[in-house]
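K.L.:
I am attaching a structure below and will ask some questions about it afterwards.
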Ligand SMILES: [Zn+2]
């Protein structure tokens, strides 16, 4: 028999040609299944991590299509925002890092790269590349619905959406501290960060120490500890400045002066001061008196004001820094000044904690956790000393802060709790107070409640993410929703601003339903009333193009709500939750989202994939090197969607060999024409179980589990089947059915190979639309499965014994357990309480007569039952099999396997001592 060669590239070309427009999907009388995935921001090439994001939904789409549903899987491109504007600027400025990334990693040809000084060229280039690569991966997308988020019709849709947000009172204006990039002159969203996405903006109190005619501000989260300040810290190596801030001289680090200018202060720098010139100078504050400025290397000029107030009694860092200086014989007159009493600690808590932990140096890694421990102990149960008012810390903190602001010139300063925070452009992100900033009021408890109500009705996969969604809804604060720079839709109430990217990408799943039809209408005609009609059915007079609107309304009503949305887990804290807030504002209950599937992350050779760090493998290269089916099967089979996966080329290569093995096996057996044997009944029965379990797994989005069943489950069975038939037998004509089922079960995963084989099998139409196999209960044959299970377990036992004894056998005897042991087996297997059942058994007269033999057997059988899988024990209870018949009919097979005569005997009376250990489903084996 000549096999057609296994050539994935050829299969890909063939299938693409046959698919054509097959995945364009229109309303029909079939049940619909509408799934969406977060659309990409096409500012760079796709890597294999992106691959999984779009292939998981494709496997689900293909599966549902074969189940007979009308499936819609659309795609668009998100081009809104500032990042691409920054990229184009950096390319215009010939920034070497950016040029390297785009020319060498993303392989953009030089002549195209030169046009990247226009941001729209960049997104158009990569949108085209995304579409090409997605198609090459076999994604069954309806490309007619493709759009980009700066299309004029899309902007009209966004304006309509925001009208509803505004009318509901969710859009407000105010002053607000936000992450800000001074190079881009723009607020910085989560997507605009290279580093520091976990950093939060924290509100500090600046404590104003007098220094001659000037103030030295130190920022603190614990203003109440002012009473315990013994000194300030300044870094002698740092450049400070004397600046006029709001009309008064201040001394702060150079970095701090810049930050203050972003936070509602007028700042005019007068002169630079070396940190070393501040050391040993005196400062004072009304609440602590006069203290000295001490030198400290740990003071970071980029943290708040660059000056630190020292409270050694309550801050471990201050305590150690002072101790180090004093051990060198300096500043020995300074003593920690305690001010808070806290249960569980001595008079000087910081000293207590540091000495108890045996910490020798400021660099000790435990310092942070120790600091945290004291801070929280003092906050939760600490009390100020009577002479400072005697109040609990949690009360005193705010009171002291207020007092300082009112009487002692204190101001608020915003700063990140973690560093560094780096913008995509490479600049350090700062905190800026924006005025005239627009916000979405996600803090509104009523709005939150609406989202919670909807979440409760949704299917979330995996279920563990539910808690994370609930937490996000609780924790969400007002969201700055406009930007001054970038691409996007103008903000309707302030045309100088744009709606930022996470705020214009929340209900576009509804837009997909009409995207291919709305294009035919002049954007100028797209008033809010038009969208009111399409999406909400609100009639108004003089609607333009009524026929087209009706067609769009029909599409929307058919497809919406979406059934499942797929996205990576890092989008739970923003996009996936935001979209629920927006949906509940605009759409009626029956059109709200139904479910979400959340993905894990991608690793490359064990490390996190990151374009900026160059640790990526491009999807297009992977498809070219391994074939699209290989990429798909590897990504689906190496982990469940919500688990992290790790791309390793050597493992991908072995996946390719698996597909080849599947392909060759099908071609080898598809034309078998023998008469069916007993073993065919077994194979058919097993196949029904694989169909059921693959289906169940895919219903739960368990792509890995589904592949285990559909690929390895069937492959293992076939191996046994062919072994049982022996070398000279080709198998029966029933194998043709198996080939058809097998190909269809794998079609969602490896659609290209499946299409090719489907044609070879003379299947009707496309494999992509072939009916999904349905398990036939009439073919399930428990007895046949039990018989083969018994046989294969016994063969394994014989093989391991043979290895153990290392003699060339002359004969093999299989000794079967007597009927009374079967009785014991059934009693134990059926009993609720396996611990007391032995006693019950021994109440029986005939068993008692057997004495120790019976108790021993009962114990061994109990152990055996624990080891046997339920799919063996349960059927055995329902319908016992005749072990004798099983083995006797398998004698030719066993003799061929082992090349010696095989005897089947009853254990009792066989004369073999060893035979007496025979148990039900575990005969004893005697090799001579
Ligand atoms: Zn920037």
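Residue-wise test of (1) buried (at least 18 other Cβ atoms within 10 Å of the Cβ); (2) within 21 Å of residue 591 (Cα to Cα).
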site: 468; (1), (2): no, no
site: 501; (1), (2): yes, no
site: 508; (1), (2): yes, yes
site: 518; (1), (2): yes, yes
site: 522; (1), (2): no, no
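K.L.:
Taking residue 874 as the residue in question, decide whether it is farther than 19 Å from residue 918 by Cα, part of a helix (DSSP H, G or I) and within 48 Å of the chain's Cα centre (by Cα).
P.N.:
yes
K.L.:
Can you pull out the residues in segment 33-65 that are out of contact with any strand residue (DSSP E or B) (no Cβ under 9 Å at 6 or more places or on another chain) and at pLDDT below 95?
P.N.:
Listed by number, the residues that qualify are 43, 44.
K.L.:
Here's something else I'd like to know. Condition first: under 41 Å from the mean Cα position of the chain (by Cα) and either surrounded by 14 or more Cβ atoms within 10 Å (Cβ to Cβ) or within 11 Å of residue 314 (Cβ to Cβ) (or both). Now tell me which residues in segment 373-393 satisfy that.
P.N.:
373, 374, 375, 377, 378, 379, 381, 382, 393
K.L.:
Residues that are over 30 Å from residue 249 (Cβ atoms) and buried (at least 16 other Cβ atoms within 10 Å of the Cβ): does segment 402-420 have at least one?
P.N.:
No, every residue in segment 402-420 fails to be over 30 Å from residue 249 (Cβ atoms) and buried (at least 16 other Cβ atoms within 10 Å of the Cβ).
K.L.:
Another question, if that's okay. Evaluate segment 28-48: report whether one residue or more is surrounded by fewer than 24 Cβ atoms within 10 Å (Cβ to Cβ) and free of Cβ contacts under 8 Å to residues at least 24 places away in the same chain.
P.N.:
yes
K.L.:
Being in contact with a helix residue (DSSP H, G or I) (Cβ under 6 Å, 6 or more places away or on another chain) and more than 17 Å from residue 613 (Cα to Cα) is the filter here, so list the residues in segment 91-101 that pass it. Lay out the reasoning, then the answer.
P.N.:
Pass one, segment 91-101, residues in contact with a helix residue (DSSP H, G or I) (Cβ under 6 Å, 6 or more places away or on another chain): 91-92, 98.
Result: 91, 92.
K.L.:
Take residue 760 and tell me if it is surrounded by fewer than 22 Cβ atoms within 10 Å (Cβ to Cβ) and at pLDDT 95 or above.
P.N.:
yes
K.L.:
Here is a list of conditions, (1) free of Cβ contacts under 8 Å to residues at least 12 places away in the same chain; (2) within 40 Å of the chain's Cα centre (by Cα), and residue 722 meets all of them except one; can you say which number that is?
P.N.:
Unmet condition: (2).
K.L.:
Then there is this: Residue 360 - would you say it is under 28 Å from residue 212 (Cα atoms), modelled with pLDDT under 95 and assigned to a loop (DSSP other than H, G, I, E, B)?
P.N.:
no
K.L.:
State whether the residues of segment 620-642 include one that is farther than 27 Å from residue 742 by Cα and either without any contact (Cβ under 8 Å) to a residue 12 or more places away in the chain or not in a helix (DSSP H, G or I) (or both).
P.N.:
Yes, segment 620-642 has at least one match.
K.L.:
Something else now. If you go through segment 484-497 one residue at a time, do you hit one that is more than 30 Å from residue 215 (Cα to Cα), within 16 Å of the ligand (Cβ to nearest atom), crowded, with 18+ Cβ neighbours inside 10 Å and over 26 Å from the mean Cα position of the chain (by Cα)?
P.N.:
yes
K.L.:
Same structure again: For segment 250-258, does any single residue satisfy the condition of being within 16 Å of the ligand (Cβ to nearest atom), farther than 30 Å from residue 314 by Cα and under 34 Å from the mean Cα position of the chain (by Cα)?
P.N.:
The answer is no, given that none of the residues of segment 250-258 is within 16 Å of the ligand (Cβ to nearest atom), farther than 30 Å from residue 314 by Cα and under 34 Å from the mean Cα position of the chain (by Cα).
K.L.:
While we're here: Can you tell which of 646, 671 is under 32 Å from the mean Cα position of the chain (by Cα), in contact (Cβ under 8 Å) with a residue 12 or more places away in the chain and surrounded by fewer than 24 Cβ atoms within 10 Å (Cβ to Cβ)?
P.N.:
Exactly one residue qualifies, and that residue is 646.
K.L.:
A further question on this structure: Condition check: part of a helix (DSSP H, G or I) and more than 16 Å from the ligand (Cβ to nearest atom). Does residue 85 satisfy that?
P.N.:
In short, no.
K.L.:
Cβ-Cβ below 6 Å, separation at least six or inter-chain, first residue in segment 77-89 and within 20 Å of residue 158 (Cα to Cα) and in contact (Cβ under 8 Å) with a residue 24 or more places away in the chain, second more than 10 Å from the ligand (Cβ to nearest atom) and in a helix (DSSP H, G or I): which pairs?
P.N.:
77/127; 79/123; 80/501; 81/501
K.L.:
Separate question: What strands (runs of 3 or more DSSP E) completely inside segment 246-318 contain at least 3 residues that are surrounded by fewer than 18 Cβ atoms within 10 Å (Cβ to Cβ)?
P.N.:
267-274, 289-295
K.L.:
I've got another one for you. What about residue 588, is it under 30 Å from residue 464 (Cα atoms) and surrounded by 16 or more Cβ atoms within 10 Å (Cβ to Cβ)?
P.N.:
Values: under 30 Å from residue 464 (Cα atoms): yes; surrounded by 16 or more Cβ atoms within 10 Å (Cβ to Cβ): no.
Judged against the criteria, residue 588 is not a match.
K.L.:
For segment 66-82, name all the residues that are away from the ligand (no atom under 16 Å from the Cβ) and outside any loop (DSSP other than H, G, I, E, B).
P.N.:
Correct list: 66, 70, 71, 72, 77.
K.L.:
Do we find a residue being within 21 Å of the chain's Cα centre (by Cα) and assigned to a helix (DSSP H, G or I) anywhere in segment 91-108? Full working, then the answer.
P.N.:
Filtering segment 91-108 down to residues within 21 Å of the chain's Cα centre (by Cα) leaves none.
Looking through segment 91-108, none of the residues is within 21 Å of the chain's Cα centre (by Cα) and assigned to a helix (DSSP H, G or I).
The values are calculated or read from the model by the stated rules, or taken from the named source; none is laboratory data. Being a predicted model, the structure only gives us computed values, none of them experimental. Heads up, the Cβs are rebuilt from the backbone with ideal geometry, glycines too, and the neighbour counts pull from every protein chain shown.
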